[in-house]
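Taken together, the values in this text are just the output of simple stated rules run on the coordinates, not laboratory data. In this text, all values refer to a predicted model and were calculated from it rather than measured experimentally. So basically every Cβ, Gly included, is an ideal-geometry build from the backbone, and we count neighbours across all protein chains shown.
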Ligand code: UD1
Ligand code: UDP
């Protein structure tokens, strides 16, 4: 069986890496890996950490790219890759524009698509934007659906997908996290010493990430205002913020937050360093999807800077709270944690670390 595994951004690479390894070890599978290169600097260290090389690299990233740039460049690039490799399956992940464009290219070429992390829904087409639309469109065109949870499978069944095409797998992010935590003993030398110091002596650390398109502009100004207020109100709180490379994020964050002693801005961290940072922090404030899944797996509470989530499982388990990109709500929620130290959740709703093997077995049995 010939399988083309496609990814292009940081979270897709992390979540596809364990599957790439399992398929690589299967004698019945000839796998090739295609990176669209939607991300560049943020992708390369992940591939090297997981020891994965791309057989094809479309290398499409441009500074400040828009959705049309990404989609059209991937469609054009994938055409040649599909013609050359002639796969039986194309595997895509999640909700990025890489996932959508690769799916469309495979559909045009008459190649079956397996959707890893299928069936997540917020129910609101514009939140997150464009990811909710990407998920829906990929799921209209796919042939096999690897749903992390029962709820994700139920969403697909409600939309008319045949149950025989759906497999509940757990989320491959848990496979990746378990693999990484085996290897992570502390920060690497690449993490600036100032950041490392922020975690020492049992300091209480608020770890922050943010990059959602729908938060650009007003949302990021509110997020930055909240962090300034918190830094001023709680001088013993260390706020550590590895800043996404998107210029729409870099600009407001560096402009508003560079001058405070207890806000430590950093370059995006390599995955093992970020896993160690999550493990060592007290609270995580983020708009990321993947971190909503990793943090409960590490027993860490998360405040999500969004109004809705496609991952309600952790919300129901009490590990995640939605605070929007809203200054007052963010400040109140962090203050509550600072004063009350809320409990962390024990169970992880997202999987047992065997998701990749389940996906590989399904492909071999349904080739
Ligand atoms: C993309 C995904 C989003 C995912 C996120 C993970 C889409 C539409 N968005 O958003 O779903 O949650 O990745 O991070 O697919 N840049 C660099 N170097 C890098 C990566 C990005 O310089 O390694 C800068 C570039 O200027 C680039 C910009 O960031 O143009 C935006 O990258 P893009 O992939 O378009 O959007 P993200 O916000 O990263
Ligand atoms: N991550 C990382 N370094 C960082 C910030 C995040 O390795 O500095 C990891 C994080 O552990 C998670 C993934 O990147 O696995 C999340 O990526 P991102 O927030 O870019 O995308 P999303 O999850 O929102 O799609």
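Ordering 340, 328 from the fewest to the most neighbouring beta carbons within 10 Å gives 340, 328. Angle of helix 131-141 to the longest C-alpha principal axis of the chain, folded into 0 to 90 degrees and rounded to 10: 10°.
Using alpha carbons only, the radius of gyration of the chain set against its Kirkwood radius gives Rg/Rh = 0.96. Separation of region 60-106 from region 185-244 is 33 Å, based on Cα centroids.
For the pair residue 236 and residue 32, a Förster radius of 56 Å applied to the C-beta separation gives a FRET efficiency near 0.65, rounded to the nearest 0.05. A convex hull fitted around the alpha carbon atoms of region 115-180 yields 88 Å³ per residue.
What is the angle, in °, between the Cα long axis of helix 355-365 and the longest principal axis of the Cα atoms in the chain? Nearest 10 is fine, range 0 to 90. Long axis of 355-365 versus the principal axis of the chain: about 10 degrees. Counting neighbouring beta carbons within 10 Å and listing from fewest to most, the residues 108, 350 come out as 108, 350.
Here region 1-52 has an Rg and Dmax of 10.8, 33 Å, counting Cα atoms alone. Label-to-label distance, residue 24 versus residue 188, with points set 7 angstrom from Cα along the beta-carbon direction: 1.6 nm. The tail of the calculated P(r) for region 242-307, taken as Cα-Cα distances beyond 19 Å, holds 38 percent of the pairs. Annotation: extensible slack from residue 245 through residue 315 equals 22.4 nm (criterion: 0.36 nm per residue apart, minus Cα-Cα distance). Apply the Debye scattering formula to region 156-217, with a single equal point scatterer on each alpha-carbon and no solvent, then give log10 I(q)/I(0) at q = 0.20 Å⁻¹. Each listed q maps to, in turn, -1.03.
A full extension of the chain between residue 62 and residue 150 corresponds to an added length of 27.9 nm, given 0.36 nm per residue minus the alpha carbon distance. Just so you know, the Cα atoms of region 77-191 work out to an Rg and Dmax of 16.2, 51 Å. Compute the whole-percent fraction of alpha carbon pairs in region 94-151 spaced more than 14 Å apart. So the pairs more than 14 Å apart make up 49 percent of the total in region 94-151. Expressed as an acute angle from 0 to 90° and rounded to the nearest 10, what is the orientation of the C-alpha long axis of helix 172-183 relative to the principal long axis of the chain? Computed tilt is about 60 degrees. FRET efficiency for the residue 214 to residue 335 pair, using the beta carbon distance and R₀ = 25 Å, is estimated at 0.50. Taking a ≥ b ≥ c as the square roots of the eigenvalues of the Cα gyration tensor of region 1-133, is the shape rounded (a/c under 1.5), prolate (a/b larger than b/c) or oblate? Rounded. The order of 66, 154, 139, going from fewest to most other C-beta atoms within 10 Å of their C-beta, is 66, 154, 139.
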